[in-house]
Amino acid sequence: MRGAELRIAESELGVLPEGSYYYHQLVGSQVDDESGSVIGTVESVMETGADARVLVVRGPEGETLLPFAAAFVKSVDVERRRLVVVRPEYVVAD
C-alpha cells in the first residue's frame with residue numbers, strides 16, 4: 001500500500017480538538033494579513049519535523065511560507081475558507 005492514497009467520506013472524519021484542522025480544510029483558503037490585504041491562497045501544508053506545520057501560500061508576491069502557529073495565525077474560519085495572519089517579516093542578508 002506504499003504510495004497509495006486513502007480516502008474516506010468527510011462525514012466519517014473524527015472530531016478534532018478546538019484549534020486543530022485537517023489539511024484539506026486549510027488548502028484553498030484565502031490568507032489575509034491583519035489589515036485585510038490578501039497574501040494569497042493556501043496551496044499546501046508542509047511537514048517540517050518540528051512542532052509547527054508550515055502553510056505554503058501562493059499569491060501576488062509569489063510563495064510565502066507561514067508557520068501554522070498561534071504567533072502567526074490569528075484566526076481560521078473553515079466555513080468561509082479564510083485565515084488571518086501576521087504578515088511575516090523577512091531579513092535579507094547582504
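The values are calculated or read from the model by the stated rules, or taken from the named source; none is laboratory data. The model shown is predicted, which means the values in this text are computed figures rather than measured ones. Cβ atoms come from the backbone with ideal geometry, glycine included; neighbour counts cover every protein chain shown.
So which of Gly28, Gly49 is touching a residue at least 40 places away in the same chain (Cβ under 8 Å) and in a loop (DSSP other than H, G, I, E, B)? The match here is Gly28. Residues in the stretch 63-85 that are surrounded by 13 or more Cβ atoms within 10 Å (Cβ to Cβ), in contact (Cβ under 8 Å) with a residue 24 or more places away in the chain and part of a loop (DSSP other than H, G, I, E, B): Arg81 only. Summed over the stretch 27-60, residues that are over 18 Å from Pro88 (Cα atoms), among the hydrophobic types (A, V, I, L, M, F, W, C) and at pLDDT 95 or above total 1. Could you go through the stretch 61-83 and let me know if any residue there is more than 25 Å from Leu16 (Cβ to Cβ), at pLDDT below 90 and of a type outside the set (S, T, N, Q). Scanning the stretch 61-83, I find at least one residue that is more than 25 Å from Leu16 (Cβ to Cβ), at pLDDT below 90 and of a type outside the set (S, T, N, Q), so the answer is yes. Determine whether the stretch 15-25 contains at least one residue that is hydrophobic (A, V, I, L, M, F, W, C), without any contact (Cβ under 8 Å) to a residue 12 or more places away in the chain and more than 16 Å from Lys74 (Cβ to Cβ). Scanning the stretch 15-25, I find at least one residue that is hydrophobic (A, V, I, L, M, F, W, C), without any contact (Cβ under 8 Å) to a residue 12 or more places away in the chain and more than 16 Å from Lys74 (Cβ to Cβ), so the answer is yes. Looking at the stretch 35-56, which of its residues are within 14 Å of Tyr21 (Cβ to Cβ) and more than 9 Å from the chain's Cα centre (by Cα)? Within the stretch 35-56, just Ala52 meets the criteria. Report the residue count in the stretch 57-94 for those that are under 11 Å from the mean Cα position of the chain (by Cα) and over 14 Å from Gln30 (Cβ atoms). Number of matching residues: 5.
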